[in-house]
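Nothing in this text is a laboratory measurement; each read-out follows from the coordinates by a stated rule. As the structure is a computational prediction, the values presented were derived from the model and not from experiment. When we count neighbours, we look across all protein chains shown, and the Cβ atoms used for this are built from the backbone with ideal geometry, even at glycine.
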Amino acid sequence: MKILYIEDDPDSIHPIERIASYLGYELLVADTVAYGLEQLSALPDLVMVDMLLPDGDAITFTKKARLQWPALPIVILSGYADRGEREACFMAGCTDYYIKLPDIDILMALFKHYAAPR
């Protein structure tokens, strides 16, 4: 499985890298909305995107990604527990939303779910 993680904080990337590596998955990393959109050409099976990025946010990314990849699983990770933000993310078309960073068991289950044949 190939995972694209769009995150500009290296400290947030490391736990995802460790879990992906442990499970034998490939992890692509982008640090901006623009680079994340470019990385979609690598055809990831799952995209995880931080809510706030240097050149935009996860809502903007999701809306743009949905234009070409309507069925791509997009999970937004946010450092804030804001109900309005969560609703806006789902309105933009995200597949799921978590407060950053979910614990290891949740992440492993999430990765395994999207790695399963659909």
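Legend: translational diffusion of the range 23-92 by Stokes-Einstein, Rh = Kirkwood radius over C-alpha pairs, 25 °C, 0.890 mPa s; D = 196 µm²/s. Tell me what the chain gives for mean residue ellipticity at 222 nm when only DSSP H runs of n ≥ 4 count, each as -39,500 (n - 2.57), the sum divided by the residue total, rounded to 500 deg cm²/dmol. After summing the helix terms and dividing by residue count, I get -14000 deg cm²/dmol. Pairs of alpha carbons in the chain separated by more than 20 Å make up 34% of all such pairs.
The range 74-118 and the range 1-58 have their alpha-carbon centroids 13 Å apart. With the simple spin-label model, which puts each label point 7 Å out from Cα in the Cβ direction, the Asp11 to Thr95 separation comes to 2.9 nm. Overall, the ratio between the Cα radius of gyration of the range 1-49 and 2.2 N^0.38 Å, rounded to two decimals, is 1.04. Rounded to the nearest 20, the Cβ-based charge dipole of the range 2-115 about its Cα centre (Lys and Arg +1, Asp and Glu -1) stands at 440 debye.
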